[in-house]
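Worksheet: one structure, shown below.
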Amino acid sequence: MTDSHPRLMHLNLFMRMYGHHPSAWRRPSTDRKDAFDPEYFVNLAKVCERGLFDAVFLADTQMPMWGRADISMGSVFEPMSLISYMAAKTDRIGFIGTVSSTLNDPANAARLVASANLISGGRVGMNLVTSQSDPEALLHGMDALPDPEKRYARAKEFAEVLFGLWDSYPRDAVVMDKEAGMFFDESEFRPVDHEGDFYKVRGTLSVPESAQGRPVLVQAGASPAGRDLAARYAEVIYGIGSTLDDAQEYYRDIKRRTVGHGRDADAIAVLPGVVTVVGDTEAEAQDKKAYLDSLKELSKQLDTLGSYIGMDVSGLSRDDAMPALPPIEEFEGPKGRYVMMQTLSRGADGELVTVGEMLSKISAGGGHFTAVGTAARVADQLEEWFTNEAADGFNVNASTMPEGIEDFVDRVVPELQARGLFRTDYDGTTLRGHLAQRGA
């Protein structure tokens, strides 16, 4: 890197309605009506746009999470629909919405995302997932989700079809030659002719390219298959890591895999999740987190822990030792979360921690890297990861909304800018333009 082209951090908001802490919705200040109001999300996007974030990210769950009243809600809206609304009310910030390759047809998905990308002027990306919930499969007429190997094989082909469809209708195909009476230059179209193991697709998408070309593809992979899918196709990956060491292992593995697929290591930005709690003092920040932790009963905390590790721990007390966790190959749930649970379940001495210690570690963000403290202290921790091959930036999981993200934008962002780690203005108008600011 050179002084004229510094490496700059990427910041992305994981947009949850009341905050990322599972008990954030229980605060007296939260309001039920916000769940039904798209303006609530517009206001969050505007805060992040003021903070010069690359994008805001919307996860997606197609079924209510029964029995999980302790969760912090994402959004009741279909992501691309809400993104189109938010894009119309913002100017520069990008948007990333989740689409499942297991629960969607690639042609419909390509058209939906391309439309949002065109409406926004090129500010949209798509987070490609394979889904994890059998109830969602039932909603789509399946008895259960396919096994992981089949889901990722399908996702690979899904991505290939997406790219073909997104590239099939170049902007240059619209010529509007009034003298010649020619609206399209048909020679510019690139129809898809694909026949694979899962899809047979022929034709051209009805939506032309936006100013950024095809939408940005994002992935969140923890298993070997997920990491490889991201390294092959994605421009951004939402990484895992609860400690600097395991984040570095993940980061370096993704970069190696990306190069192995014939791409430059900087072609993909690795953004681990970071849960943030900011205070005027260290004590105030710790008090904020302790208050949020106190809003969730022990029984619900144990239910959450059990869902993360695939065990019934409802009979354990805070003073009991954590049960030893089997190898990841024996775990059938989300691999990324489980890897973090394995790391957090043991202390620096390698011994199992107590259940109480484990609950404290995962309370704010399910095991993600948690930065609690003053703005300077939070910036210190982000800088350490950013400058030590653990992150190209962060998927910011503010513990509370809107207060937590406002604190981050108004306090932490200026700290990062003062250190030359973050942009002081947008350079470009598309999401891919924001991502290009890596200083390469």
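The values are calculated or read from the model by the stated rules, or taken from the named source; none is laboratory data. Just so you know, these numbers come straight off a predicted model, no measurement behind them. Using ideal geometry, Cβ is built from the backbone for each residue, glycine included, and neighbour counts are taken over all protein chains shown. For accessibility, only protein heavy atoms count, side chains too; no ligands or nucleic acids. Shrake-Rupley method; radii C 1.70, N 1.55, O 1.52, S 1.80 Å.
Quick one: if the Förster radius is 25 Å, what FRET efficiency do residue 403 and residue 324 give, using the C-beta to C-beta distance and rounding to 0.05?
Once the sixth-power term is evaluated, E becomes 0.05.
7 Å from Cα along Cα→Cβ at both residue 281 and residue 346: what's the point-to-point distance in nm?
3.8 nm
Compute the Kirkwood hydrodynamic radius of segment 180-316, taking the inverse of the mean of 1/r over all pairs of distinct Cα atoms, and give it in Å to one decimal.
19.9 Å
Can you tell me the length gained on complete extension of the stretch residue 195 to residue 410, counting 0.36 nm per residue apart and subtracting the Cα distance?
Working it through step by step, the gained length comes to 72.3 nm.
Output the antiparallel fraction of DSSP beta bridges having both residues in the chain, as a percent to the nearest 5. Working shown, then result.
Numbers: 10 of 46 bridges.
For the chain, the DSSP antiparallel bridge percentage is about 20.
Over 5 Å intervals from 0, what percent of Cα-Cα pairs in segment 288-412 sits in each interval?
Result returned by the calculation: 2, 10, 18, 20, 19, 15, 11, 5, 1.
Residues in segment 5-27, backbone N under 14 Å from the label point at residue 76 (7 Å along the Cα-to-beta-carbon vector): list them, ranges by number please.
17-18
For segment 188-238, just run the numbers: alpha carbon Rg, then divide by 2.2 N^0.38 Å, N being how many residues it has.
Numbers: Rg = 14.2 Å, N = 51, 2.2 N^0.38 = 9.8 Å.
Computed over Cα atoms of segment 188-238, the ratio equals 1.45.
Select from 239, 203, 350 the residue whose mean-square fluctuation is largest in a Gaussian network model of the chain (Cα-Cα springs shorter than 10 Å).
350
Given the pairs 288/361; 300/335; 150/335; 200/335, which span a C-alpha to C-alpha distance of over 25 angstrom in this model?
Values: 288/361 15 Å; 300/335 22 Å; 150/335 16 Å; 200/335 31 Å.
Too far apart for the 25 Å limit: 200/335.
Return the distance in nm (one decimal) between the two label points of a simple spin-label model at residue 256 and residue 425, each offset 7 Å from Cα along Cα→Cβ.
Those two pseudo-labels are separated by 4.2 nm.
How high is the relative contact order of segment 242-332, given as a whole-number percent (alpha carbon pairs under 8 Å, six or more residues apart)?
Across segment 242-332, relative contact order equals 12 percent.
Please work out the average accessible area per residue across segment 189-236, using the 1.4 Å probe convention, and give it in Å². Write down the numbers at each step before the final one.
Working: 2050 Å² over 48 residues.
Normalised by residue count, the accessible surface of segment 189-236 is 43 Å².
When you take every Cα atom in the chain, what is the radius of gyration, and what is Dmax, the widest Cα pair distance, in Å?
Spelled out, the Cα radius of gyration and Dmax of the chain are 21.9, 82 Å.
For the pair residue 30 and residue 244, what calculated FRET efficiency results from E = 1/(1 + (r/R0)^6), where r is the Cβ-Cβ distance and R0 = 41 Å, to the nearest 0.05?
0.80
Could you give the alpha-carbon Rg of segment 243-327 over 2.2 N^0.38 Å, rounded to two decimals? Intermediate values should be presented prior to the final figure.
Numbers: Rg = 18.9 Å, N = 85, 2.2 N^0.38 = 11.9 Å.
For segment 243-327, the normalised Cα radius of gyration comes out at 1.59.
Report the extension gain between residue 188 and residue 204 in nm, rounded to one decimal, defined as 0.36 nm multiplied by the number of residues separating them, less their alpha carbon distance.
The span from residue 188 to residue 204 would gain 4.6 nm if fully extended.
For segment 46-51, take each phi angle, set θ = phi - 60°, evaluate the Karplus expression 6.51 cos²θ - 1.76 cosθ + 1.60, and give the result in whole Hz per residue in order, putting x for glycine and proline.
Those phi angles translate into 5, 4, 5, 5, 4, x Hz.
Using alpha-carbon pairs under 8 Å, 6+ residues apart, how would you state the relative contact order of segment 283-440 in percent?
That works out to 18 percent.
Whole percent per 5 Å bin, from 0 to the bin with the longest distance: what is P(r) over all C-alpha pairs of segment 137-231?
That works out to 3, 11, 16, 16, 17, 14, 9, 6, 4, 2, 1, 0, in percent per bin.
Name the residue farthest towards the positive end of the dipole of the chain from the options 23, 409, 219, assuming +1 on Cβ of Lys and Arg, -1 on Cβ of Asp and Glu, about the Cα centre.
409
Using only Cα atoms, find the angle between the long axis of helix 79-88 and the longest principal axis of the chain, and express it within 0 to 90 degrees, rounded to the nearest 10.
70 degrees
Choose one of 180, 339, 237: the residue whose Cα lies farthest towards the positive end of the charge dipole of the chain (beta-carbon charges +1 Lys, Arg; -1 Asp, Glu; about the Cα centre).
180
What does the convex hull of the Cα atoms come to per residue for segment 166-212, in Å³?
Output value, Cα hull per residue: 78 Å³.
Note down the magnitude of the dipole of the chain about its Cα centre, charges +1 on Lys and Arg C-beta and -1 on Asp and Glu C-beta and zero elsewhere, to the nearest 20 debye.
So the dipole magnitude of the chain works out to roughly 400 debye.
How high is the relative contact order of the chain, given as a whole-number percent (alpha carbon pairs under 8 Å, six or more residues apart)?
Here the relative contact order equals 23 percent.
Compute the separation of the alpha-carbon centres of segment 422-436 and segment 246-314 and state it in Å as a whole number.
Taking the Cα centre of segment 246-314 as reference, the centre of segment 422-436 is 26 Å away.
Say R0 is 45 Å: what FRET efficiency, to the nearest 0.05, do residue 354 and residue 88 get from their beta-carbon distance?
Here the calculated transfer efficiency is 0.35.
Arranged from highest to lowest average of other beta-carbon atoms within 10 Å per residue, in what order do the peptides 226-233, 248-255 appear?
Packing order, densest peptide first, comes out as 226-233, 248-255.
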